[in-house]
Amino acid sequence: MPTARTVLVFLLVLTTALSTPAFAQQRHVVDPAAIAAAVDQQLAKQDADRDAVRRALARPEVKDLARSMGVDLDRATASLAALAGPELERAAAAARQVDALTGGASSVTISTTTIIIVLLVIILLIVALR
């Protein structure tokens, strides 16, 4: 007659042997193609955000302001690759506001608002460099 230990080992081996095929046939909860599409969408959004900041930093008003403040825009532009997450989103939002303001507002409003937004972008970039 088998001992309790032998019966226990047999049951463990049987359970392990039977459970492996069941797990191998499980379907993914989320389709891998959906995950890949979500990742691609996020990367495209980050690329668009970086492009918006680059366009704002390339504006003549921003270059003049940065030069007068002693900020190296080449370094700030180069640091865009390191920005991600909320910092990149805030910088891109500010950059898009700079672009939006150029379409019809008075030059005084554009200049004041542009300076404030550009300063915000530059501060975000400097903080991200640390």
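Search the range 85-98 for residues being over 11 Å from LEU124 (Cα atoms) and surrounded by 13 or more Cβ atoms within 10 Å (Cβ to Cβ), and hand back the single one that is nearest to the chain's Cα centre (by Cα). I'd like the intermediate steps shown before the answer.
Looking only at the range 85-98, we keep the residues that are over 11 Å from LEU124 (Cα atoms), and these are 85, 93, 95-98.
Okay, now just the ones that are also surrounded by 13 or more Cβ atoms within 10 Å (Cβ to Cβ), so 93, 95-98.
Values: ALA93: 13, ALA95: 16, ARG96: 16, GLN97: 19, VAL98: 21 Å.
Among residues in the range 85-98 that are over 11 Å from LEU124 (Cα atoms) and surrounded by 13 or more Cβ atoms within 10 Å (Cβ to Cβ), the one nearest to the chain's Cα centre (by Cα) is ALA93.
Just need a number here: residues in the range 24-51 that are loosely packed, with under 13 Cβ neighbours inside 10 Å, of a type in the set (D, E, K, R) and either within 23 Å of ARG96 (Cα to Cα) or modelled with pLDDT of 85 or more (or both).
The total comes to 2.
Starting from the range 55-74, keep only residues that are in contact (Cβ under 8 Å) with a residue 40 or more places away in the chain and farther than 10 Å from VAL118 by Cβ, then list their pairs with residues that are crowded, with 16+ Cβ neighbours inside 10 Å and hydrophobic (A, V, I, L, M, F, W, C) whose Cβ atoms are within a distance under 7 Å, requiring at least 6 positions of separation or different chains.
ARG55/ALA95
Can you pull out the residues in the range 58-82 that are touching a Ser or Thr at 6+ places or on another chain (Cβ under 9 Å) and assigned to a helix (DSSP H, G or I)? Walk me through it before giving the result.
Step one: list which residues in the range 58-82 are touching a Ser or Thr at 6+ places or on another chain (Cβ under 9 Å), which gives 58-59, 61-62, 65.
Answer for the range 58-82, where residues must be touching a Ser or Thr at 6+ places or on another chain (Cβ under 9 Å) and assigned to a helix (DSSP H, G or I): GLU61, VAL62, LEU65.
Select from the range 66-76 the residues that are charged (D, E, K, R) and either farther than 16 Å from VAL127 by Cβ or buried (at least 16 other Cβ atoms within 10 Å of the Cβ) (or both) and list them in ascending order. Walk me through it before giving the result.
Taking the range 66-76 as the starting set, the residues that turn out to be charged (D, E, K, R) are 67, 72, 74-75.
If the condition is that a residue be charged (D, E, K, R) and either farther than 16 Å from VAL127 by Cβ or buried (at least 16 other Cβ atoms within 10 Å of the Cβ) (or both), then ARG67, ASP74 are the ones that fit.
Within the range 52-65, count every residue that is at pLDDT below 80 and either of a type in the set (A, V, I, L, M, F, W, C) or closer than 14 Å to ILE123 by Cβ (or both). Give the steps one after another, and end with the answer.
Residues of the range 52-65 that are at pLDDT below 80, as a first pass: 61-62, 65.
Cutting the leftovers down to either of a type in the set (A, V, I, L, M, F, W, C) or closer than 14 Å to ILE123 by Cβ (or both) gives us 62, 65.
So the answer is 2.
The values are calculated or read from the model by the stated rules, or taken from the named source; none is laboratory data. Given the structure is predicted, the values throughout are model-derived calculations rather than measurements. Quick reminder, even Gly has a Cβ in these numbers, built from the backbone with ideal geometry, and neighbours come from all protein chains shown.
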